[in-house]
Each structure stands twice: as C-alpha cells, then as structure tokens.
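The structure appears below as structure tokens.
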Amino acid sequence: MANSVEGFKRGLDVFLEQNNIHGNQGKHRVTKRGPALSYPMFTLVTSEDIAGSHFYLFRLQMQCCWMLHYNLWLIRFFYHLASRLNSYGIVTLCKLEPKQSKARFCERLVFSTCQKLRHSAKMEIKEGNEDAGLFTPNPIVRGMVNLDRDAFTKTIQLPVLHIRKDIINKVMKTLKPKLLHRPNLKRIIDDPTDGDNKQVILDPFTVRAEDSFDDRDREIFKQLDISPQVLQVDLQLTYDHFKTDEILEAVLPKGQDVPTSFSRVGHIAHMNLRDHQLPYKNLIGQVILDKNPGITSVVNKTNTIDSTYRNFQMEVLAGEENMMTKVKENSFTYEFDFSKVYWNPRLSTEHDRITGFLKSGDVVFDVFAGVGPFAIPAAKKSCMVYANDLNPESYRWLVHNCKLNKVDRKVQAFNTDGREFIRTVVKDELSKHIKSSPDGKKRLHIVMNLPALALEFLDAFRHLLSEQPHNEVLLPTVHCYGFSKDDNPEKEVKDRVEEMLGATVEVSSIHLVRKVAPNKEMMCISFQLPAEVLFGIQMNNEGEPVPKRLRTEADADESKPRGQSYFIQC
Ligand SMILES: C[S@@+](CC[C@H](N)C(=O)[O-])C[C@H]1O[C@@H](n2cnc3c(N)ncnc32)[C@H](O)[C@@H]1O
C-alpha cells in the first residue's frame, strides 16, 4: 500500500512535468494554454483499506469552474493516475464557486471521470518508466500517412502460467484479476511444448514472478497441483491488439493531441479534427473504422456550423459515402440524411429533460423542430404538437419520423420561417387555447432550439394576440435556447430575453445545456410569457388588465432599469 502511495506521487510528478504544469504547495498553474489560468489544486487526501480493497481518495479542488472545458484533459489525468494504482479512485469535488448551473456541470464531469476510473482501476503500479512502451506499436510507424497495418507488429515477452487443460476452468476465476487484457488477444493459448497443457497469459504489470501470487492463490494452486512458476514467452502483438489511442499516439508527431473521440450518429463517426491532425486524416478515419464495430463511415467537419439549417459541411475520411442514417434516442427512432439536416447526439439528455416537463393534454409548439427530437417524444406523451422547420429536408424527415414513431396523428408539421410560424400557427392556436379557462391540466409550451438566433425571434410574441384575456389565462411557457460567452451566462441570457420582449419575465429555470467551446455555453431559459407581452397590456397585482401604452424612445434610454416595461396609453 505504501508502494501505491509512492506510485501515485511519482505518477503525479511525472504527469505534471510532462504537461508543463508548475506549482507549489498543492497549487498548480497551467502555462501551456495561455497565461495565468487558475487551475485545480490536486490533493492526495487519504488512502484507506476498506474491506480488503485499497481505496484512494483523490480530491480535486476546482478554483475556477470554467476550466471544465479541459474535461478530456482531466479524464486523461485521472486515467493516468489510476493506471498507476492497484486501487479504485474516488474523486470528490470541492465546490468553490457558488454558481448552480456550473456546479451541476462539475458534478457531471466528476461522474464521467469516475466512470472512466472504474474501467481503468485494478491495475498494478508501473514502477517509474521501466515498462513504458511495452504496449506501444513498433516505432517505425511514426509519421505514417497511409495505414500499413503490418508495420505495427512487434514481439514482446509476456508472463505465462502453464496449466493442464482438464483443470484450467477451475482456476480461471482466481487468475482473472491477473490476466492480460488486450483487444482481440486470446489469453489462453496452446502450449507448443506439451499438448496436454495450455498457457495462460498474465498481465506483466501485475505478475512479475512467483511472488506476485498471494497466499490464497497459492493455496488454490496447491489444491489443483498447479506450478506457480511464471515463465516468459515471446508473443507477437499486431495492429489488432492495439487500442485506437496507442495507434494514433505512435503515428502522429510526438507530444501532439491525438483524436480518439467522435460523435456517433448511426453508422457514422463524426470527428472534428484539428489542423495539425489533418495530414493524417485518412489514416485516423481508417483506424476509427477498424476499431469501432458498427461504424461504416467516418466524416470530418469541414466548416463551423453557420449555415442557416445548422447542418455541417463534411468530408468522408474513410468508409462509405452514404449519409442516410438511423439513430435511436431515448427509445425513439429517427431516420435522416446526416449531410442535409441538423442532428446532435449530445442533446439527448436535453430532449429528455424538456419532455419531462410535459403532461398528457399539453399543447407544444416546436419552432425549430429539426427532424423531431422534441416533437415526437412530446406527441408520444399525448401532447398536441405543432412542429416547424425552415429546412425542407428537416421538414421531410420530421414528417417521416412522425410516421415511423406512430405519432403522425398528434403532430402537425410546418415548413416555414420561425417568425412566420409564430405569427400564424402559434398565434391562431394560442388564441384558442389561451382563452379556454384553464382546467388545471392542460399547459402550453413553446420550444425554441436554435441557440445562435432563437432569442432574436422572441419579439415576434410582442402583441401577438389582440383580444384582452379573461382574468385567468393560460400563459405559455417558453423554453428558449441561446449561446453565451458571458462570465455570468444566466444573467446575460435573461437580460437578452427581457430586452427582446420589452418586459421582465418570471424565470422558472435557466439551465446549462452544454459547453460548446472553452468560453461558450449553450443555455436554456424557461419562463412564462407575460400577458403584457402577448396582449400588449399590463396586468395589476389582482390579475386585472391595466390600460396599455406603447413603448417610447425615451423608455429605451439606458438609464432606465432594464427589463421594465413601459406603455403609452392609447
Ligand atoms: C439547432 S437545430 C435544432 C433541431 C432540433 N430541435 C434538435 O433539438 O435537434 C435548429 C433547427 O432550426 C432550423 N432553422 C434554422 N433557421 C430557421 C428559421 N429561421 N425558422 C425555422 N427553422 C429554422 C434548422 O433547419 C434546424 O433544423
């Protein structure tokens, strides 16, 4: 156990040094990605022996939540540490920032880190750099641009036990923690010197010699008459036995980031390669294709997503050109041509979150519906849905997917501009539903997921309905998405909403959907559309309309409190 702690400390030092992180007294600063970025403090808090297993507690203190865009970096960091410990790592987060949404983001990060840790736990400490490179491919592959799989082959020595064929099944459970885990590698192979025996391949970091077995192992070996003698045999590792990151790290120039992550959209792996990776793009595509069963096409994004219809320009790096795909999300099926419509697998939680607000009988207006990931689950919950998209291809697949998911009777689809949709369909339907006295069951929802622009469509709700409501009206809840680069995205998004509506709003939630770039967050603000906006009137505290007046030039004066509404009496 002391060794493990030493291993941890050594691992930490090496990692910090390799990644150019400097610090003292537990505080570290990253200089690699720009000047003076506050960074987490790493503290090895304690190690405990819980029920015979070694548990280590890594405490990660975050000084500044925005650093979370280094998500991948952090996971690699913990991966690295875990690979040096024969332990389970537990990561706890000390929240130093009071912001709710960011704190939730932290929790998600920590959760995903823990998941990763679980996979890499139960590994033996690597003593220094002694074995570094054992599972790296043949170094001649460095700089390769056309994939030559044979060039990766190399021969290494691995520890084996010789065990009689007839008793091998009885001992496998005992040996399980000590077996070698490599992709496509058989761990039980024939013994070329004795046909009655098998060779069981062990993990060289766990088993070095006979003394790597504990008393319980030895007792079982004794009962089964197995020799604990560990022999070293030559074994050929080929391209098939290496993992994606091992292959790409061996090929790309030393020290450069390797791309191993991608979004999966049906049979398509969607990558976002960085400039320095482009010379290797076809090789990278082929490796992703080889190592991920079910992927038959690898594409790279070639532009930023600034087209009107939010679809990507893409280049096929490897595999088939066919972009017609089928995906499952939250138990619904969607079919579409990925090159012509918007689809983002990272929004599945968000689609589910919004669907969670809906109840049978609710009316839902989806202004920027895409191929239906809000509209279809809403209809499945027996809501009446009006779904719109400007892109004729999205509209076509929206209609198709409604049929595919058997909700075509519950969804009315439209193919027009969002503003036009609000001024016609939303207006007509709202005027019907808003007047019907609320039975306490039905509610109205307007979903606006076009984060780059949706907030700018909000003014379409101003004075949308002409008739004054009854005292009790059924006001719709708007779920509007927006990007923010502000230090305080919640406030900035709320301010923009109020500016577009010319009124203050009662916010029910402001939710951080995801971080789309280091300094750019996708937010969802949910609020009730005020009656004064919809009808151009103000309601007093008793819920009665007060005479309205229109907004004046003077009202727009910066000196006035923002978000207040002012009307001219008419
Ligand atoms: C970010 S996507 C969201 C799609 C879908 N709601 C989802 O969550 O996957 C925005 C959608 O708005 C559509 N769109 C863009 N501009 C529009 C406009 N002016 N009016 C209506 N739809 C528009 C795009 O075609 C795209 O499908």
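The values are calculated or read from the model by the stated rules, or taken from the named source; none is laboratory data. Quick caveat: nothing in here was measured; it's all calculated off a predicted structure. Backbone-built Cβ (ideal geometry, glycine too); neighbour counts: all protein chains shown. Surface accessibility is based on the protein's heavy atoms, side chains included, excluding ligands, DNA and RNA. Shrake-Rupley method; radii C 1.70, N 1.55, O 1.52, S 1.80 Å.
From the square roots a ≥ b ≥ c of the eigenvalues of the alpha-carbon gyration tensor of the stretch 345-464, which class results: rounded (a/c under 1.5), prolate (a/b over b/c), or oblate? Please list the in-between numbers first.
Numbers: a/c = 1.43, a/b = 1.09, b/c = 1.31.
Rounded.
Please state the shape class of the stretch 136-191: rounded when a/c is under 1.5, otherwise prolate if a/b exceeds b/c and oblate if not, all from the C-alpha gyration tensor.
Working: a/c = 3.33, a/b = 3.01, b/c = 1.11.
Verdict is prolate for the stretch 136-191.
Can you quote the Å³ per residue value for the convex hull of the Cα atoms in the stretch 181-225, rounded to an integer? If you can, show how the numbers build up before the last one.
Working: hull volume 4.6 nm³, N = 45.
It comes to 103 Å³ per residue, whole-number rounded.
Could you please put LEU453, LEU185 in sequence from largest to smallest accessible area, using a 1.4 Å probe?
Working: LEU453 70, LEU185 25 Å².
Largest accessible area first, the residues go LEU453, LEU185.
Taking 0.36 nm per residue of separation and subtracting the Cα-Cα distance, what length does fully extending ASP408 through SER509 add?
Numbers: separation 101, 0.36 × 101 = 36.36 nm, distance 3.06 nm.
In short, 33.3 nm is gained.
Give LYS328/LYS406; LYS359/LYS520; LYS154/LYS198; LYS494/LYS515 a once-over and call out the pairs whose C-alpha atoms are over 26 Å from each other. List each step's numbers first, then the result.
Details: LYS328/LYS406 15 Å; LYS359/LYS520 32 Å; LYS154/LYS198 23 Å; LYS494/LYS515 18 Å.
Flagged as over cut-off: LYS359/LYS520.
Where does each of SER227, SER331, SER263, SER431 land when they are ordered by accessible area, with a 1.4 Å probe and the largest first?
SER331, SER227, SER431, SER263
I need the shape label for the stretch 420-521. Rule: rounded when a/c is under 1.5, else prolate if a/b > b/c, else oblate, with a, b, c from the alpha carbon gyration tensor.
Numbers: a/c = 2.25, a/b = 2.02, b/c = 1.11.
Taking the square roots of the gyration eigenvalues as a ≥ b ≥ c, the stretch 420-521 is prolate.
Just the accessible area per residue of the stretch 442-540, please: how many Å² with a 1.4 Å probe?
Each residue of the stretch 442-540 exposes 38 Å² on average to a 1.4 Å probe.
For the pair LYS301/LYS165, report the inter-label distance in nm, with labels modelled 7 Å from Cα in the Cβ direction.
5.5 nm
Suppose all protein chains stay in the model; what accessible area per residue would a 1.4 Å probe give for the stretch 299-378, in Å²? Intermediate results must be reported in sequence, preceding the final value.
On the way: 3190 Å² over 80 residues.
It amounts to 40 Å² per residue over the stretch 299-378.
Carbon and sulfur: what percent of the stretch 237-359's accessible surface (1.4 Å probe)? If you can, show how the numbers build up before the last one.
Numbers: 2580 of 5500 Å².
Reported share for carbon and sulfur atoms: 47 percent.
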